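Every read-out reported here was derived from the displayed coordinates using simple, explicitly stated rules and does not represent laboratory data. For clarity, every value in this text was computed on a predicted model and none was experimentally measured. Methodologically, a virtual Cβ is constructed for each residue, glycine included, from the backbone with ideal geometry; neighbour enumeration extends over all protein chains shown.
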Amino acid sequence: MLGQATKYAESVDSVMLLIVGISVLLLLGVTTAMIYFVIRYNKKRNPKASQIESNNTLEILWIVIPTILVLFMFYFGYAVFHESRVVPKGAMTVKVIARMWAWEFEYNNGKKSNELYVPANRSIKLELNSMDVNHSMYIPAFRIKEDVIFGRQNYMVIHPEKTGTYIIACAEYCGLRHSLMYSKIHVLTKKEFEKWIAEF
Ligand SMILES: [Cu+2]
């Protein structure tokens with residue numbers, strides 16, 4: 001249920017891998033240099049320091065290289081995040097109502113459900129509303145999470161591709177039974193969805 005259920009999830013994982021990869025390389029580089037310096041320049045081997053002046057080339061390099069690295073990571077992270085905030089034209093809207101401690105989904109035709117049913121291969125805008133405190137709608141398989149804030153309408157865009165059932169969780173501590181605040185998203189084929197939405 002936690003696999004990559006959407007192309008968006010794959011993009012999020014790629015960015016994650018990129019950032020973790022760069023971090024691991026940096027960690028290895030810094031740790032190796034640190035161990036080398038501890039051994040090579042300890043007091044026994046190097047009783048008197050010979051190079052104590054600053055080195056401009058070195059200082060420019062360790063400002064410029066990390067800046068480029070950080071901007072590089074930011075670029076990819078932001079590009080993927082931005083994708084999740086743009087509501088495509090023709091997106092289907094579903095109203096999400098979060099309350100202690102349950103989810104409710106309301107469709108344009110007035111149908112209500114405790115589990116979310118959506119058609120595959122269509123963009124869906126989820127309008128997030130809270131009836132009481134702050135919640136957070138989290139669909140792990142879609143790698144997407146958005147705050148559901150009392151007194152303010154927030155939104156989330158999903159584009160399910162693979163049919164199937166995935167978990168929806170509340171990811172913001174919202175009281176005693178927060179840990180039980182789960183629901184499911186069922187991604188149906190277009191035909192199945194049309195049949196489901198018409199049944200009351
Ligand atoms: Cu909650």
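Helical content of the chain, expressed as a calculated mean residue ellipticity at 222 nm, amounts to -12500 deg cm²/dmol (DSSP H runs of 4 or more residues, -39,500 (n - 2.57) each, divided by residue number, nearest 500).
Of the cross-linked pairs K112/K195; K95/K145; K7/K112, which ones have a Cα-Cα span greater than 26 Å in the structure shown? Table pairs above 26 Å Cα-Cα are K7/K112. DSSP beta bridges fully contained in the chain are about 70 percent antiparallel.
Between S113 and V30, the FRET efficiency estimated from the beta carbon spacing at R0 = 45 angstrom works out to 0.30. Based on the Kirkwood approach, the hydrodynamic radius assigned to segment 7-83 is 15.5 Å, with every pair of different Cα atoms included. Name the shape class, rounded, prolate or oblate, that the alpha-carbon gyration tensor gives for the chain, where a ≥ b ≥ c are the square roots of its eigenvalues, rounded holds for a/c under 1.5, and otherwise prolate holds if a/b is larger than b/c and oblate otherwise. Prolate, since a/c reaches 1.5 and a/b exceeds b/c.
Among the GluC sites (Glu not before Pro) within segment 1-102, those in coil by DSSP and having at most 10 neighbouring Cβ atoms inside 10 Å are E53. For F37 and M73, what does the FRET efficiency come to when R0 = 25 Å and r is the distance between their Cβ atoms, rounded to the nearest 0.05? Approximately 0.40, to the nearest 0.05. For segment 92-198, the relative contact order works out to 30 percent when only alpha carbon pairs closer than 8 Å and six or more residues apart are counted.
Projecting label points 7 angstrom from Cα along Cα→Cβ for M92 and I65 puts them 5.1 nm apart. What the Cβ-Cβ distance of M16 and Q51 gives, at R0 = 35 Å and to the nearest 0.05, is a FRET efficiency of 0.30.
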